[in-house]
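The values are calculated or read from the model by the stated rules, or taken from the named source; none is laboratory data. Keep in mind it's a predicted model, so treat the numbers as computed, not measured. Ideal geometry is used to build each Cβ from the backbone, glycine not excepted, and the neighbour counts take in all protein chains shown.
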Amino acid sequence: MRPFDYLTLLQFLWAFLSILGFSVRVNLKGPKIWLLALGGGLSWAFYLVILYFSKSLLYSIFGATLLVCAYSEVVARLIKVPVSVFVTCSIIPLVPGSSLYYGMQAYIAGNNAIASEQIYKALLISGTIAMAIAVVSSVTNIIFRLFNRF
């Protein structure tokens with residue numbers, strides 16, 4: 001799969017629609033749900049593009065989270081919404097749900113080696129997402145402190 005073909009566009013659309021549905025389900029209102037959905041779609045599209053070029057799962061998760069957190073910081077400040085709302089909703093497509101599911105399924109089936117591998121993968125992805133969020137929030141915090149100082 002190439003990064004800019006119809007499959008990437010289709011996956012972007014599905015991520016966009018899933019976050020749009022999630023936003024409506026958690027009772028968010030107004031034009032911000034469209035921006036939230038755009039953030040979710042962008043996170044998955046960034047992930048696919050970076051994965052194509054880097055061939056590294058963790059690097060693509062880290063890069064996509066960095067980009068979508070930067071998007072969330074800018075858009076949330078523009079429409080005066082807490083940044084945590086945007087970050088939380090925008091990274092949902094990157095959360096390692098399948099690894100957790102298959103890990104628990106393997107544990108129930110008694111296959112501890114595969115289960116441990118899947119849980120380890122889920123923990124690595126989760127830690128990578130957390131580190132990328134921390135990096136972006138720290139950098140923006142430093143930038144705003146510098147702007148307020150001068």
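Worth a mention:
- Filter pass, Ser60 being free of Cβ contacts under 8 Å to residues at least 40 places away in the same chain, farther than 30 Å from Phe144 by Cα, of a type in the set (S, T, N, Q) and crowded, with 18+ Cβ neighbours inside 10 Å: no
- For the residues Val81, Val68, Val75, the requirement of being farther than 22 Å from Leu13 by Cα, hydrophobic (A, V, I, L, M, F, W, C) and in contact with a helix residue (DSSP H, G or I) (Cβ under 7 Å, 6 or more places away or on another chain) singles out Val81.
- The set of residues from the stretch 1-39 being of a type in the set (Lys, Arg) and either over 20 Å from Lys80 (Cα atoms) or within 18 Å of the chain's Cα centre (by Cα) (or both) comprises Arg2, Arg25, Lys32.
- Boolean, Lys55 is within 19 Å of Lys32 (Cα to Cα) and without any contact (Cβ under 8 Å) to a residue 24 or more places away in the chain: no
- The stretch 1-36, residues that are outside any loop (DSSP other than H, G, I, E, B), in contact (Cβ under 8 Å) with a residue 40 or more places away in the chain and not β-branched (Val, Ile, Thr): Ala15, Ser18, Phe22, Ser23, Lys32, Leu35, Leu36
- Failed criterion for Ala132 (all others in (1) more than 14 Å from the chain's Cα centre (by Cα); (2) closer than 30 Å to Lys32 by Cα; (3) at pLDDT 95 or above hold): (1)
- Filter result for the condition that a residue is touching a Lys or Arg at 6+ places or on another chain (Cβ under 7 Å), hydrophobic (A, V, I, L, M, F, W, C), surrounded by fewer than 20 Cβ atoms within 10 Å (Cβ to Cβ) and free of Cβ contacts under 8 Å to residues at least 60 places away in the same chain, over Val81, Val74: Val81
- Count of the stretch 70-97 residues which are farther than 18 Å from Phe22 by Cα and of a type outside the set (Val, Ile, Thr): 6
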